[in-house]
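The values are calculated or read from the model by the stated rules, or taken from the named source; none is laboratory data. Note that this is a predicted model, so its numbers are computed, not measured. Neighbour counts are summed over all protein chains in view; Cβ atoms, including those assigned to glycine, are modelled from backbone coordinates with ideal geometry. Heavy atoms of the whole protein, side chains included, go into the accessibility calculation; ligands, DNA and RNA do not. Shrake-Rupley method; radii C 1.70, N 1.55, O 1.52, S 1.80 Å.
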Amino acid sequence: MKRIAIFASGNGSNAENIIRYFRDNPNAAEVVLVVCNKPDAAVTKRAENLGVPVKIISKADFQNQDMVLELLKEAKIDIIILAGFLLMIPPYLTEHYKDLIINIHPSLLPAYGGKGMYGRHVHEAVVAAGETETGITIHLVTDKCDEGAILFQAKTKLTHGDTPQSVETKIHRLEKEYFPKVIESFIRNRRQ
Ligand code: GRF
């Protein structure tokens, strides 16, 4: 049974979905901690409502290696999931949790990745470029933004009428469907 920490900065609909998934399928893993850099982010309420402890760590405190690693050690965290987490993961964390940090990105990487490409910005760029499809990428995290090994991608078709909002809805649907399952199979495959 692996112990997951979710790092999130905003709304937290993916965080909530992952918490619920592992609460209902408790064989592989359990979400035992949510780490957030914004005290007023909706994800903090979502986690609290589901009984998952939340730790607020400011951008500056993320540089405090001893404090962050101690927190994760105390909670016996095996795997870190980034679900809408907007800070760069510092190198001490990618070293300590090598191949054990997973991110979701709302495009088909390497397209529409890198600095500044997050949330609605991604969908605006996809629509502006007239793409006929987009999707999600679930990947391992390294210290290079959006460049770690890809674990999974899923696509969705776009039409002329699509707007950044409608693309976001399509992407969220894919994220809800696949992210928890991909985390679960990642954990199961590592056991063999
Ligand atoms: C998701 O679209 C995720 O792919 C991106 O940020 C968004 C977070 O949404 N990295 P939420 O906070 O989980 O609702």
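Tabulated values for the structure
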item: Alpha-carbon centroid distance for the pair the range 31-45 / the range 151-180, whole angstrom; result: 24
item: Charge sum, other residues only, whose C-beta stays under 14 Å from Ala154's C-beta, Lys/Arg counted +1 and Asp/Glu -1; result: +3
item: For Lys55, distant residues with modelled amide H under 5 Å away; result: Val34, Val35, Cys36
item: MRE, 222 nm, helices only [DSSP H, n ≥ 4, -39500 (n - 2.57), over the chain, to nearest 500]; result: -12000 deg cm²/dmol
item: Distant-in-sequence amide H partners of Ala29 (H built 1.01 Å from N, under 5 Å); result: Lys2
item: Long-range HN-HN contacts of Asn64 with modeled amide H, under 5 Å; result: none
item: Whole-number accessible area per residue in Å² for the range 66-121, which is evaluated in the context of all protein chains at 1.4 Å; result: 50
item: Projected label distance in nm at Asn189 and Ile56, using a 7 Å step from Cα toward the beta-carbon; result: 3.8
item: Carbon + sulfur, % of accessible area of the range 2-191 - ligands and nucleic acids excluded, 1.4 Å; result: 50
item: Cys145, Cys36, ranked by accessible area, largest first (probe 1.4 Å); result: Cys145, Cys36
item: Greater than 32 Å apart at Cα, pairs in Lys59/Lys157; Lys76/Lys157; Lys76/Lys170; Lys38/Lys98; result: Lys59/Lys157; Lys76/Lys157; Lys76/Lys170
item: Additional length obtainable on full extension of the chain from His96 to Gln63, 0.36 nm per residue less Cα span; result: 10.5 nm
item: Exposure of His139 as accessible area (Å², to 10), given a probe of 1.4 Å and all protein chains; result: 0
item: When each of Lys45/Lys144; Lys45/Lys176; Lys73/Lys155; Lys45/Lys155; Lys45/Lys73 is checked by Cα-Cα distance, pairs over 26 Å; result: Lys45/Lys144; Lys73/Lys155; Lys45/Lys155
item: Area of Arg173 that stays accessible when all protein chains are in place (1.4 Å probe, Å², to 10); result: 150
